[in-house]
Structure formats: structure tokens, C-alpha cells
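Heads up, the thing below is written out as C-alpha cells.
The values are calculated or read from the model by the stated rules, or taken from the named source; none is laboratory data. All values derive from a computational prediction rather than experimental measurement. All Cβ positions, even for glycine, are placed from backbone atoms using ideal geometry, and neighbour counts span all protein chains on display. Surface areas here come from the heavy atoms of the whole protein model, side chains and all, with no ligands, DNA or RNA. Shrake-Rupley method; radii C 1.70, N 1.55, O 1.52, S 1.80 Å.
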Amino acid sequence: MPHLLNLMDQPADVLGRLLDRAAALKADRTLARTALAGKVVGLVFEKPSLRTRVSFEVATAHLGGTSLFFPGNEIGLGWREPLPDFARVMSRYVDALVLRVFRHETVDELAKHGSIPVVNGLSDRSHPCQALADLLTVRERLGGVAGKTIAFVGDGNNVAMSLAVGCGKLGAKFVLACPKGYAFDDEFLKRYAEQVGGAPEVVHDPAAAAKAADVLYTDVWTSMGQEAERETRLRKFAKFQINDGLLAKAPPHCLVLHCLPAHRGEEITAGALEGPASGVFDQAENRLHAQKAVLEWMLADGK
Ligand code: CP
Ligand code: NVA
């Protein structure tokens, strides 16, 4: 049963094939128009979303399927009945589930107890669909992923963890520049060592990370679910901003990426986000193409 819960679980050749297919689907919108004919994709989201929700719904429509969206609180995810019951009932109705959850364990448990493919559309510990779109963007803007240096300036969060794994699997160097105390935790590092090998580099000086960066990447300092820490985080991350000064320290070809939504004036300035180095709207578009490749891989007949 193909699931996409975490990039850790996916071999490099699967990731490479998904990116190749995403590029083909992007180049020709008419491809795979009936791949999901008669199939229903259920989306269950405990947190807000623009990109993930809309790109999955549009991806499903482009592939000839139907999507159904349920806010987690209305459908009772995790509180109205036990997760194994939820997983088994949903498996009788829909053909795949896309989940956005607070606790990563929820996606693992639904995949374990259900009998349909499960996609993690963001948990507290990973955002694999985002990382696929990020890598697709790096590939199309810089001609490839292997050998590139991606410097993530900010929090060692879900987005950073998934991108670090994707980079490691596809031969890119990932450097996290973060305040002390906000790097990857031991649980992640242990799994990274087992599944990818070695460890991503961590520095505490954004300028040091920018020097050799082909990509400067950032995400919000306070993720969904961490709102109570916002004031502390604003103070601690103040020097970890992508701005024109930091970009000037990077090579001239350096690409700026952000998964969005962005907080201009916090993790990135408006100038850096809107400037010529920015690829953020291509990156947002690539969510659609990468997810079409994921849905086709999971659900198309004969796959
Ligand atoms: N980047 C991303 O996942 O955006 P949404 O939270 O809007 O889905
Ligand atoms: N790290 C952010 C990503 C949002 C797409 C969050 O989890 O809120």
C-alpha cells in the first residue's frame, strides 16, 4: 500500500520518479486526465490551509477524480471515536485520505488501521508534499538537485525536516541556520542517520550558511500549534531573517524559497520575497504538479 507519510520512508528512486512525473504533468496538462476516474480523495484537515487543500482538490479534478473536504473538528477526527474506527470507516468510503494534523502519530495510526493510501498534508513533524514541490522547483530553476546547497534559515520545523530528508536522499547538501535550541531533535537525527546516513549540517550564523547557498529557504518562525511561543520566538529568531543583506552574502544565482504563508518583516523581508531571486510562486504552483504525481502513483489503475 503506497502511503506518503514522511520522506524518510521513500527510497531515493521513488522520489526521483515522482519528480520526473511531476515535471511531465506540469509540461502537459492533458496527461493522465482519467487516472483517477471513479476515485474519491478525502481531505481531513485539523488546521487551516490554502495551498495544500486547493492544490490537492485541483490535482484530483485534473486527474478525473472527486475530492471531499472535511474539517477535522466536524468529522470528529481523534475525539468522536477511536482513530482505528475512523480509519476503517473512511476506508470503506473513499479511495485515499489526505490529512493535516497536529500530531504526526495520527497519520501513522490512520495508515496502520485503514486500508487505503494516506498522504500527510502536514503534521508537526513533516510536510513531505511541500518538500517534493521544493525539490521540483530547485530542479527546474537550478537544473538539478544533486550537488546543490540548500540553506534553511529559521526553525528546524516540519518543513525543514522534510526538506533535509529530501535533500539527503537526492544528493543535495542541506544546512540549517537556526538559533541554539531550535535545531533538529534526537528522534529526527536518529531516523535520519538510519534512513539517509550522517546528519544535516547545523550552524547558528545565517551568513555562514548563505555563503555557499544555491538556495536560501525560510518558513514562519512560529508554526501552527506553537502560537503560545510566538513572543519568545520573535526575539530568538530576530537575526534569522532572509533579507537583502543576507542575499548579498550568497552567490549571485542564489534562489529564494518559502513554503508560504509568509510573514513579511519577520522571517523574510518583502524585498527578498518579491525580488528577482524569489521562486516562491513557482514553488507554490509546483505543489499541484507534485501532488498530481503522488495521486497518480497511489491510485491510478495498474500502478
Ligand atoms: N505551504 C503550505 O502547506 O501552505 P498551506 O498551509 O496554505 O497549505
Ligand atoms: N511550519 C509551518 C508550515 C505551514 C505551511 C506550520 O506548520 O505552520
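General observations
- Using θ = phi - 60° and Karplus 6.51 cos²θ - 1.76 cosθ + 1.60, couplings along segment 94-99 (whole Hz; Gly, Pro as x): 10, 9, 7, 10, 10, 10
- Computed from the C-beta positions of residue 88 and residue 187 and an R0 of 30 Å, the FRET efficiency is 0.60 to the nearest 0.05.
- Using a Gaussian network model of the chain in which every pair of alpha carbons under 10 angstrom is joined by a spring, one finds that among 120, 157, 73 the greatest mean-square fluctuation is at 73.
- Here's the picture: charge each Lys and Arg Cβ at +1 and each Asp and Glu Cβ at -1 in segment 122-193, and of 161, 143, 126 the one pushed furthest to the positive end of that dipole is 143.
- Anisotropy class of segment 155-257 from Cα gyration tensor, a/c 1.5 cut: oblate
- Segment 142-181-segment 280-303 distance, computed between alpha-carbon centres (Å): 21 Å
- Cα gyration tensor shape for segment 161-219, rounded if a/c is under 1.5, else prolate or oblate: oblate
- Expressed per residue, the C-alpha convex hull volume of the chain stands at 122 Å³.
- Couplings for segment 199-213, taken from phi via the Karplus curve 6.51 cos²θ - 1.76 cosθ + 1.60 with θ = phi - 60°, read 8, x, 6, 10, 10, 10, 10, x, 5, 5, 6, 6, 3, 10, 7 Hz in order; Gly and Pro are left as x.
- Whole-Å distance, taken between Cα centres, linking segment 215-273 and segment 5-58: 27 Å
- Proximal charge balance of residue 205 [Cβ under 14 Å; K/R count +1, D/E count -1]: +3
- Across segment 194-303, the relative contact order, built from alpha-carbon pairs under 8 Å that are at least six residues apart, equals 27 percent.
- Net lengthening on full extension, residue 244/residue 180 (0.36 nm per residue, minus Cα-Cα): 20.7 nm
- Only Lys, Arg, Asp and Glu carry charge here, each on its Cβ (+1 for the first two, -1 for the last two); on that basis segment 40-118 has a dipole of about 140 debye about its Cα centre.
- Accessible carbon and sulfur surface of segment 234-303 relative to its total accessible area, %, 1.4 Å: 55 percent
- Placing pseudo-labels 7 Å out from each Cα toward the beta carbon at residue 17 and residue 274 gives an inter-label distance of 4.4 nm.
- For segment 151-203, the Cβ-based charge dipole about the Cα centre amounts to some 160 debye (Lys, Arg positive; Asp, Glu negative; other atoms uncharged).
- For the chain, averaging the sequence separation of C-alpha pairs within contact (under 8 Å, six or more residues apart) and dividing by the residue count gives a relative contact order of 21 percent.
- Long-range HN-HN contacts of residue 6 with modeled amide H, under 5 Å: none
- For segment 146-154, 3J(HN,Hα) computed residue by residue from phi via the Karplus equation (6.51, -1.76, 1.60; θ = phi - 60°) reads 4, x, 7, 10, 10, 9, 9, 9, x Hz, glycine and proline entered as x.
- Gaussian network model of the chain, Cα within-10 Å springs - most flexible of 162, 67, 49: 49
- Within the listed set 242, 75, 268, the residue fluctuating most in the Gaussian network model of the chain (springs between alpha-carbon atoms under 10 angstrom) is 75.
- Degrees between helix 280-299 axis and first principal axis of the chain (Cα, 0 to 90, nearest 10): 30 degrees
- A 1.4 Å probe run over the protein chains yields, for the chain, 41 Å² of accessible area per residue, whole-number rounding.
- Calculated on the alpha-carbon coordinates, the convex hull of segment 1-119 measures out at 104 cubic angstrom per residue.
- Residues whose amide H falls under 5 Å from that of residue 98, counting only those 5 or more places apart or on a different chain, are 42, 43, 44, 119, with hydrogens built in the peptide plane.
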